[in-house]
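Reading through the structure tokens given below for one structure.
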Amino acid sequence: MKTKKVIENARRYSRPFRITDGSKFKLRKFDPGETLGLSSEDKPRAKEALENGVQALAELQDVLYAQDNWAILLIFQAMDAAGKDGAIKHVMSGVNPQGCQVYSFKAPSTEDLDHDYLWRCMKCLPNRGHIGIFNRSYYEETLVVRIHPEFLAKHKVPTSLVTKKIWDERFQDIRNFERYLYRNGIVVVKFFLHVSEEEQKKRFLARADAPDKNWKFSASDMAERNYWDDYQAAYEDMIRNTATKHSPWYVVPADNKWFSRVIVAAAVIETLAGLNLAYPHVDEEKLAEIAKAKKALLNSK
Ligand code: ATP
Ligand code: MG
């Protein structure tokens with residue numbers, strides 16, 4: 001399929017899930033089981049759409065790299081077992097690894113805690129021409145840290161600065177940070193893989209039952225289920241406060257992995273296509289140089 005057509009299709013898939021103004025955002029209006037009318041019989045079509053998407057993405061990435069002006073940063077946030085790893089793996093399967101940088105953010109180290117909370121993420125921002133991926137990010141500072149205040153205490157922020165306003169202040173800082181990045185040509189696009197509590201239970205049970213999935217089973221992930229509603233409220237507040245025109249959130253229905261991967265691919269294509277990328281212009285002088293070099297090559301042994 002022609003890239004232009006794939007881009008059109010991508011927009012159709014991704015738009016319903018894109019939030020560019022969070023002020024009225026309500027998470028309960030988004031169904032984790034949504035498939036836009038596609039059923040599991042349509043899986044082969046979804047697979048084909050994903051394959052076309054992955055190919056189009058590779059083409060767009062090639063221009064991004066060649067032009068070397070813009071960078072995009074894809075941030076993935078989700079409850080455990082929502083499929084962040086799989087989405088990253090499938091969607092990026094066709095792109096040139098040289099143009100891609102992936103970082104996972106776990107609980108902060110002692111060195112991280114000795115700095116401001118953006119510090120460790122700033123060190124991992126993508127170079128121009130690259131696609132950066134954050135598997136979790138500074139948004140954890142408004143999620144797990146909000147739900148477990150003991151993490152906040154570890155950060156050693158002066159107590160006079162830790163007030164009731166801290167979450168609003170963090171949202172403001174993040175909005176400003178992402179706007180700053182945009183103004184520098186680094187476009188931040190955020191994905192919330194929205195899985196239901198029932199589906200998470202099924203996936204945890206599969207991890208407990210299947211020997212090749214046992215390694216993924218974690219008792220601490222189980223413990224976080226007790227805070228399900230708190231997390232949903234924190235995600236909603238986060239999206240409400242940080243979805244902007246230049247840095248949108250995509251609320252990706254994640255109960256069906258085949259569908260969520262199509263949506264993530266579509267959103268990345270939509271983002272790259274929106275940058276109006278073009279290969280660098282080759283001027284007359286350069287063309288003459290190439291012609292001369294070609295002649296010399298043809299005349300050589
Ligand atoms: P999986 O889906 O495979 O479990 P994961 O992203 O959950 O992958 P883990 O190693 O299980 O990876 O978990 C990382 C943990 O680090 C998460 O529980 C997350 O909440 C925590 N974490 C990340 N950033 C912070 C932070 N800034 N402060 C405290 N905890 C954090
Ligand atoms: Mg985990």
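Worth a mention:
- Subset of the stretch 72-88 (residues that are within 13 Å of ligand 2 (Cβ to nearest atom) and not in a helix (DSSP H, G or I)): 76, 77, 78, 79, 80, 81, 82, 83
- Among the conditions (1) closer than 30 Å to residue 99 by Cα; (2) touching an Asp or Glu at 6+ places or on another chain (Cβ under 7 Å), residue 27 misses just one, which is (1).
- Residue list for the stretch 174-207, restricted to those being open to solvent by 20 Å² or more (accessible area, probe 1.4 Å) and within 14 Å of ligand 1 (Cβ to nearest atom): 199, 203, 206, 207
- Members of the stretch 233-249 found to be assigned to a helix (DSSP H, G or I) and more than 15 Å from ligand 1 (Cβ to nearest atom), listed by number: 233, 236, 237, 239, 240, 241, 242
- For the stretch 233-278, the set of residues classified as open to solvent by less than 30 Å² (accessible area, probe 1.4 Å), farther than 25 Å from residue 180 by Cβ and among the polar types (S, T, N, Q) consists of 260 only.
- Whenever a residue of the stretch 266-294 is closer than 20 Å to residue 94 by Cα, its partners that are hydroxyl-bearing (Ser, Thr, Tyr) and open to solvent by less than 20 Å² (accessible area, probe 1.4 Å), lying with C-beta atoms within less than 7 angstrom and at least six residues away or across chains, give the pairs 266/14; 267/14; 267/250; 270/14.
- Subset of the stretch 216-230 [under 13 Å from residue 81 (Cβ atoms) and either of a type in the set (Gly, Ala, Ser) or part of a helix (DSSP H, G or I) (or both)]: 216, 218, 220, 221, 222, 224, 225, 228
- The residue of the stretch 31-46 that is farthest from residue 264 (Cα to Cα), among those that are exposed (fewer than 13 other Cβ atoms within 10 Å of the Cβ) and touching a residue at least 60 places away in the same chain (Cβ under 8 Å), is 40.
- Test for residue 135: is it touching a Gly at 6+ places or on another chain (Cβ under 9 Å), modelled with pLDDT of 95 or more and of a type in the set (S, T, N, Q): no
The values are calculated or read from the model by the stated rules, or taken from the named source; none is laboratory data. As the structure is a prediction and not an experimental result, all values here were calculated from the model. Glycine also receives a Cβ, built like all others from the backbone with ideal geometry; neighbour counts cover every protein chain displayed. These area figures cover heavy atoms from the full protein model, side chains too; ligands, DNA and RNA do not enter into them. Shrake-Rupley method; radii C 1.70, N 1.55, O 1.52, S 1.80 Å.
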